[in-house]
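The values are calculated or read from the model by the stated rules, or taken from the named source; none is laboratory data. Just so we're clear, the structure is a prediction, and the values are computed from it rather than from any experiment. Methodologically, a virtual Cβ is constructed for each residue, glycine included, from the backbone with ideal geometry; neighbour enumeration extends over all protein chains shown. Accessible surface is based on the protein model in full, side chains and every heavy atom, while ligands, DNA and RNA are left aside. Shrake-Rupley method; radii C 1.70, N 1.55, O 1.52, S 1.80 Å.
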Amino acid sequence: MMKMQDRLRENQPVVYQTLRHALSRQKLSHALLLCGPRGTERRETAIFIAQSLVCQHSEEGLACEECESCQRIAQGQYADLIVLDGADRSIKKDEILSLQEQFSKTALEGNGKKIYILDHAENATPEALNSLLKFLEEPQGSDTQAILIVENPDRLLPTVVSRCQQLPFRPLTQKQAQEMAKQAGLDETDCLLLSHLIRDPQRIQQAAEEESYQNGVQMMKRFVQEFADHDQEVLLWIHGEYLTGKEKEKDRRTFRWFLDCLLVFYRLAAAKQTQGPPWFQQHIAAVQSSSLRLDKLILTLLECRDKLQRSYNLPLLADQLIYQMKEGLRDE
């Protein structure tokens, strides 16, 4: 698997250059604020920074990621690294006070560097943020390193933000999300479709495992393969297999994935892009060489998706979609 510093260099070049410059000159700010959207490997970067601060085999200040110290940090076994995660709960004032107390003592590791990471720091309570502010203003010596991770820095106290050096992470591109999903072992079709819909590799993985998504993909596959010549058979199949009404919410999620994946297909065709697995490329090429009104088909799908957002009779919506899509197949 690609090293973190290589992924940073490729996906977040500004962050990479900033860190390399500061670490190589030992000029890293005592408090860093890693901010950006989900999927941008902010936590992984925080761990990499911690590794770089203690690694005995670093090059230009960047961790080797392989030595004992780097491995212990990666595995959460480094005594002078404390990670507080506010993803599923609020970070409390008592936790910040306990952190301060622990860091007021002599470091346990030989390196002497004490590091704390606050993930989803914006979910800390106001009392915790006020305690954190005091800690940022009066750190326990120059060997204390703070790393805060947030999606939206506006949810932090302005005084907390002002005491940190911000490292802004840019959103992943579609290609980057697709490649990261591929590295995670996802199916090629899933990598292509989901990277156009989601830019967070973890959420892509979760979506790929959903039954409603897989059903939606199967609907999309059969639709692009057979609809032009067998529209009524396809409609009956959709009703019989996926819009049975037994689990209405599941049916709705499946139909939404179907619409989203079909939109990706037609948009790629309209953009004259041929990519993905062989079956996908084959049908994209067929659409591109046909006289289909792609603009009309895309508009019909967008209108259908908008209706799905509201309370709507799902079988009736599917009937309307098939009829309107059939109209869109005509060369006007």
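For the criterion of being crowded, with 17+ Cβ neighbours inside 10 Å, free of Cβ contacts under 8 Å to residues at least 40 places away in the same chain and on the phi < 0 side of the Ramachandran plot, Tyr266 passes. The residues in the stretch 273-293 that are under 23 Å from Ser195 (Cβ atoms), modelled with pLDDT under 85 and touching a helix residue (DSSP H, G or I) at 6+ places or on another chain (Cβ under 6 Å) can be counted, and the count is 4. Test of understanding: among Leu84, Leu133, Leu108, which residue is within 28 Å of the chain's Cα centre (by Cα) and either open to solvent by less than 60 Å² (accessible area, probe 1.4 Å) or under 29 Å from Met4 (Cα atoms) (or both)? Sole residue among the options that is within 28 Å of the chain's Cα centre (by Cα) and either open to solvent by less than 60 Å² (accessible area, probe 1.4 Å) or under 29 Å from Met4 (Cα atoms) (or both): Leu84. Assigned to a strand (DSSP E or B), surrounded by 20 or more Cβ atoms within 10 Å (Cβ to Cβ) and in contact (Cβ under 8 Å) with a residue 24 or more places away in the chain, is that true of Ala128? No, not satisfied.
Residue-by-condition table, conditions (1) surrounded by 22 or more Cβ atoms within 10 Å (Cβ to Cβ); (2) in a helix (DSSP H, G or I):
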site: Leu148; (1), (2): yes, no
site: Val161; (1), (2): no, yes
site: Lys175; (1), (2): no, yes
site: Glu179; (1), (2): no, yes
site: Lys182; (1), (2): no, yes
site: Leu193; (1), (2): yes, yes
site: His196; (1), (2): no, yes
site: Arg199; (1), (2): no, no
site: Arg203; (1), (2): no, yes
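Considering only residues of the stretch 294-318 that are open to solvent by 70 Å² or more (accessible area, probe 1.4 Å) and charged (D, E, K, R), which is farthest from the chain's Cα centre (by Cα)? Checking each candidate, the answer is Asp295.
Of the strands (runs of 3 or more DSSP E) entirely within the stretch 13-123, those holding at least 3 residues that are touching an Asp or Glu at 6+ places or on another chain (Cβ under 9 Å) occupy 81-85, 114-119.
Scanning the stretch 299-309 for any residue that is of a type in the set (A, V, I, L, M) and free of Cβ contacts under 8 Å to residues at least 40 places away in the same chain turns up at least one such residue.
Scanning the stretch 176-235 for residues that are touching a residue at least 60 places away in the same chain (Cβ under 8 Å), among the hydrophobic types (A, V, I, L, M, F, W, C) and over 30 Å from Asp6 (Cα atoms) turns up Val224, Phe227, Ala228, Val234, Leu235. For the stretch 272-286, the count of residues that are open to solvent by 30 Å² or more (accessible area, probe 1.4 Å), of a type in the set (Lys, Arg) and free of Cβ contacts under 8 Å to residues at least 12 places away in the same chain is zero.
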